[in-house]
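Report on the following structure.
The values are calculated or read from the model by the stated rules, or taken from the named source; none is laboratory data. In this text, all values refer to a predicted model and were calculated from it rather than measured experimentally. Note: ideal-geometry Cβ built from the backbone for every residue, glycine included; neighbour counts use all protein chains shown. When the accessible area is computed, the model is the full protein with side chains, heavy atoms only, and any ligands, DNA or RNA have been set aside. Shrake-Rupley method; radii C 1.70, N 1.55, O 1.52, S 1.80 Å.
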Amino acid sequence: MLEYLSIIFSAILVNNIVFAQFLGICPFIGVSKNLESAFGMSMAVTFVMAVATAVTWLLQHYVLLPLGLVYIQTIAFILVIAVLVQMLEIIMKKISPALYAALGVFLPLITTNCAVLGVAIIVAQKDFGLMHSVVYAVATAIGFGLALTLFAAIRTQLALSDVPRSMRGVPIALIVAGILAMAFMGFTGITIA
């Protein structure tokens, strides 16, 4: 149990996928203009990241490793994530049109989110078991959602603030992202014993 808590705490705060590993920056900057979009993207990424990590773990351990095809890991993982997102989009459109309407705009964006691919590769490198991999993926997605939601809240406030004209928009957003990254560095020394 302590092992899982350590994975969760580390993935959410210490090694946050956005602030410590710099993955998922494109949706972090692009979708964080309002809280509703940020929350929708967070939910979609959480679901896709968990499922994609489980599927790529199975692919890695039951196909790529036994057949000696580890050298095509990145290409195989990209294809799996793209196919998975397309299948999820089709299934959600048929089964739950309301959920599809809520997340439909975010699903195609997840295909190009490098955080999803990054987590699948990190899990393969760390040689986690299936359960550890899924816990790590969900915790990482929660960390991504936390970063995205915090940033969206700050950007909402920045839109109301008197920012110099040359710093408005992306420049001040990048400065704030850097300050948030430094704030998250404060969690580095904390361990769960």
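Summary table below
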read-out: Residue in region 67-74 that is among the aromatic types (F, W, Y) and under 26 Å from F151 (Cα atoms) present; value: no
read-out: Only listed residue being buried (at least 20 other Cβ atoms within 10 Å of the Cβ), in a helix (DSSP H, G or I) and at pLDDT below 95, chosen from A102, A139, A115; value: A115
read-out: Residue among I110, I78 that is surrounded by fewer than 20 Cβ atoms within 10 Å (Cβ to Cβ) and part of a helix (DSSP H, G or I); value: I78
read-out: Residue list for region 15-39, restricted to those being outside any loop (DSSP other than H, G, I, E, B) and buried (at least 19 other Cβ atoms within 10 Å of the Cβ); value: P27, F28, A38
read-out: Failed condition for G189, given (1) over 13 Å from A20 (Cβ atoms); (2) open to solvent by 80 Å² or more (accessible area, probe 1.4 Å); (3) in a loop (DSSP other than H, G, I, E, B); value: (2)
read-out: Condition broken by L65, with the remaining ones in (1) over 22 Å from A124 (Cβ atoms); (2) open to solvent by 60 Å² or more (accessible area, probe 1.4 Å) satisfied; value: (1)
read-out: Scope region 40-62; condition closer than 19 Å to Y100 by Cα and open to solvent by less than 60 Å² (accessible area, probe 1.4 Å); matching residues; value: G40, M41, S42, A44, V45, T46, V48, M49, A50, V51, A52
read-out: Check on A152, open to solvent by less than 10 Å² (accessible area, probe 1.4 Å), touching a Phe, Trp or Tyr at 6+ places or on another chain (Cβ under 7 Å) and on the phi < 0 side of the Ramachandran plot; value: no
read-out: Failed item, numbered, when A137 is tested on (1) under 14 Å from N16 (Cα atoms); (2) over 11 Å from the mean Cα position of the chain (by Cα); value: (2)
